[in-house]
Amino acid sequence: MIRLKKVSKTYHPNVVGVKGVSLHIPAGEFVSIVGKSGTGKSTLAKLLFAEERPSSGVIEIGGWDITHIHNRDIPLLRRQIGVVFQDFKLLPQKTVYENVAFALQVGGAKPRRIREVVPKVLEIVGLHEKASRYPRQLSGGEQQRVAIARALVHSPKVLVADEPTGNLDTLNTREIVDLLQKINEFGTTVCLVTHDREVVNRLKRRVITLEDGKVASDVEQGRYKL
Amino acid sequence: MIVSSFRVTKFAFQNFWRNFWLSVITVSMLVMTLITINILLVLNVVTEEAISLVEDRIEVSVYFHDYVDEATVGGAVEYLRDLAQVRDVETISADEAYEQFVERHSDDEDIMASLDELGGNPFGPTLVVKANSAEDFELIIDALDNPQFRDDIREKDFSDYQEIVDRIRGTTDQIATFGIALTGIFLLIAIMIVFNTVRIGIFIHREEIGIMRLVGASNWFIKAPFHLEMMFLSLLAVGIAAGIVFPVVNILEPKFSVYFGTQGAGIAEFFMENGLWIFGGQFLILAVVTIISTSMAMRKYLKV
Ligand SMILES: Nc1ncnc2c1ncn2[C@@H]1O[C@H](COP(=O)(O)OP(=O)(O)OP(=O)(O)O)[C@@H](O)[C@H]1O
Ligand SMILES: [Mg+2]
């Protein structure tokens with residue numbers, strides 16, 4: 001599903017994001033990406049949804065070479081990759097329902113499809129009863145679940161989550177990770193960037209550890225080690 | 001597409017209301033630009049009218065000697081009529097000239113007395129030649145120096161309106177140059193204001209736009225609201241400009257008839273007849289200008 005060949009990203013001549021990363025993530029996998037602060041985890045995530053372009057190397061998503069993706073094709077890619085962030089990125093003046101519907105609206109979806117899909121994804125994240133609330137009326141965990149619901153509207157093949165639990169307490173973190181696992185079970189490939197030792201150890205899935213922009217270790221059923 | 005258009009429209013109007021004062025400033029600047037353009041148009045119409053009024057009066061009177069016969073005069077008329085510069089030739093026969101003279105001076109006993117003293121008809125045939133424009137004067141005069149008639153002509157007389165026409169043109173050309181410069185400056189300011197309005201719109205919506213991008217909004221969906229908003233502001237500006245120009249022109253028109261006589265300067269008529277073209281054209285100008293500056297702002301601040 002995701003294939004990186006010797007991918008490097010340098011921001012400025014001497015600021016390295018990632019360096020020579022080669023990876024293969026098959027469809028349906030759940031990968032945790034860990035590493036110290038500033039080792040290029042977010043950079044790697046951004047390369048996957050084309051927020052950044054690699055300085056060298058090749059990136060393929062589902063057989064699509066996005067290394068030099070044209071600006072006008074990015075929307076197409078973004079509808080195949082769901083993204084979730086630490087800071088949720090919800091629109092405060094829109095309700096839960098509207099926030100989720102927004103992702104479909106801006107892609108030009110028909111109203112009927114929106115009425116179909118939004119309740120379904122809200123059901124998946126368990127927020128269908130809070131659809132008319134505003135983000136400020138929700139807990140952090142709930143807000144992150146709205147963001148996840150929004151990421152799911154296009155039934156993405158890949159879900160990239162950059163520290164989705166970074167702002168959450170243990171209980172909410174557990175809920176979010178459970179949710180991500182559930183989504184993974186439906187067949188979506190999940191890339192989870194995290195700092196959280198607990199999360200990684202409980203998942204018992206593949207762990208890629210970055211160090212200074214390079215892959216330091218890559219183990220199936222790994223544990224958090226640093 | 002229809003659903004998207006509706007959403008884009010909604011978005012555009014949100015932009016408009018959220019930056020209400022910015023929208024007001026943008027529209028005001030656009031209106032000012034349009035008003036200058038329309039003042040230039042009025043000036044142009046008035047100038048042309050004034051000049052054509054003057055040119056209407058341009059005529060060369062050609063007096064033949066009293067011994068010249070009808071055939072020669074007829075030949076001269078033919079010859080003149082064939083000149084492109086000649087608009088009309090009126091023939092006044094010797095008898096008519098006499099009658100006209102008597103009529104004009106019947107109150108003046110001295111003149112009548114001296115006319116009697118001369119005995120017979122001292123007048124020869126006369127031609128009144130009207131030119132197409134003031135510049136054609138010299139040519140007509142020169143043409144009459146043709147050896148075929150030169151000796152038959154006693155006198156050529158013309159009132160020199162060229163100078164008046166030149167003066168009118170000189171003055172209006174100066175005003176027009178100033179007006180064009182002003183339009184240019186206003187247009188430049190308008191471009192900058194539109195650019196800035198879009199920039200601020202992008203800034204205000206940066207969060208929304210960022211999220212739109214992440215969830216795969218098409219570039220069209222991101223850009224269209226800004227274009228649409230600016231189109232709407234342009235349309236509003238044209239509407240306001242038309243709403244100002246039409247009444248003002250109708251108020252001015254009777255004032256001009258003092259100078260132009262009953263037919264007036266024709267500005268109200270000009271705007272009535274060409275209103276659609278005039279304001280349609282101005283909308284097109286604004287549309288092009290705003291599309292360019294909106295695109296520039298988006299290229300710089302939206303990076304799509
Ligand atoms: N837009 C940018 N411009 C310049 N340098 C950047 C940019 N983004 C990241 N970097 C640099 O690239 C390196 C990797 O950053 P990155 O954000 O990928 O780290 P990270 O592993 O996500 O860290 P954290 O765990 O703190 O989120 C850092 O040295 C960072 O300063
Ligand atoms: Mg990071």
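Throughout, read-outs are computed from the coordinates displayed, never taken from laboratory work. Values in this document were obtained by computation on a predicted structure and should not be read as measured data. Every residue, glycine among them, receives a Cβ derived from its backbone with ideal geometry; neighbour counts consider all protein chains shown.
Sorting A:LYS41, A:LYS89, A:LYS182 from the fewest to the most surrounding beta carbons within 10 angstrom yields A:LYS182, A:LYS89, A:LYS41.
Neighbour counts of other Cβ atoms within 10 Å put B:GLU103, B:GLU208 in the fewest-to-most order B:GLU103, B:GLU208. Rg/Rh, computed from the Cα trace of chain B with Rh as the Kirkwood radius, has the value 1.29. Packing-based ranking of A:117-130, B:224-237 yields B:224-237, A:117-130, ordered from highest to lowest mean Cβ neighbour count within 10 Å. Note on B:215-227: average number of Cβ atoms from other chains within 10 Å of each residue's Cβ is 5. Only DSSP H runs of four or more residues enter the estimate; each adds -39500 (n - 2.57), and after division by the residues of the protein assembly as shown the mean residue ellipticity at 222 nm equals -19000 deg cm²/dmol. Each principal axis of the range A:152-204 carries a Cα extent, and these read 28, 21, 16 Å when sorted largest first. Rounded, prolate or oblate, given the Cα gyration tensor of the range A:1-71, with a/c below 1.5 counting as rounded? It is oblate, given that a/c is not under 1.5 and a/b is not larger than b/c.
Residues whose amide H lies under 5 Å from that of A:VAL18, counting only those 5 or more places away or on a different chain, are A:LYS9; hydrogens are built 1.01 Å from N in the peptide plane. Taking the average, over residues, of other Cβ atoms within 10 Å as the packing measure, peptides B:185-197, B:117-129 rank B:185-197, B:117-129 from highest down. Rounded if a/c is under 1.5, else prolate if a/b is larger than b/c, else oblate: which is the protein assembly as shown, with a ≥ b ≥ c the root eigenvalues of its Cα gyration tensor? Cα axes put the protein assembly as shown in the prolate bin. Bridging of A:LYS214 to lysines at a Cα separation below 19 Å is possible for A:LYS5, A:LYS6, A:LYS9, A:LYS19, A:LYS36, A:LYS41, A:LYS46, A:LYS225, once same-chain residues fewer than 8 apart are set aside. Between the alpha-carbon centres of the range B:218-242 and the range A:39-111 there is a gap of 28 Å. If both residues of a DSSP beta bridge must be in chain A, then about 50% of such bridges are antiparallel.
Averaged over the residues of A:105-114, the number of partner chain Cβ atoms lying within 10 Å of the residue Cβ comes to 5. Computed from the C-beta positions of B:ILE25 and A:LYS110, the FRET efficiency with R₀ = 45 Å rounds to 0.75. Alpha-carbon geometry of the range B:31-97: the Rg and the Dmax are 20.6, 68 Å, given in that order. Return the aspartates and glutamates within reach of A:LYS157: Cα separation strictly under 20 angstrom, same-chain partners fewer than 8 residues apart disregarded; answer none if there are no such residues. Hits, sequence-local ones excluded: A:GLU29, A:GLU51, A:GLU52, A:GLU60, A:ASP65, A:ASP73, A:GLU116, A:GLU123, A:ASP178, A:GLU185. The ratio of the alpha-carbon radius of gyration of the range A:2-219 to the globular-protein estimate 2.2 N^0.38 Å is 1.00. Orientation-averaged projection of the range B:101-247 equals 18.9 nm² [convex hull of Cα atoms, one quarter of hull surface area]. By other beta-carbon atoms within 10 Å, ranking B:MET212, B:MET272 with the fewest at the front produces B:MET272, B:MET212. Sort the range B:70-152 into rounded, prolate or oblate with this rule: let a ≥ b ≥ c be the square roots of the eigenvalues of the Cα gyration tensor; rounded if a/c is under 1.5, and if a/c is not under 1.5, prolate when a/b is larger than b/c, oblate otherwise. Prolate is the answer for the range B:70-152, as a/c is 1.5 or above and a/b outweighs b/c.
Here the 3J(HN,Hα) profile of the range A:93-106, calculated from phi with Karplus coefficients 6.51, -1.76 and 1.60 at θ = phi - 60°, is 8, 10, 6, 3, 4, 5, 4, 6, 4, 3, 4, 7, 4, 5 Hz, Gly and Pro shown as x.
Computed from Cα atoms, the angle from the helix A:170-185 axis to the main principal axis of chain A rounds to 80 degrees.
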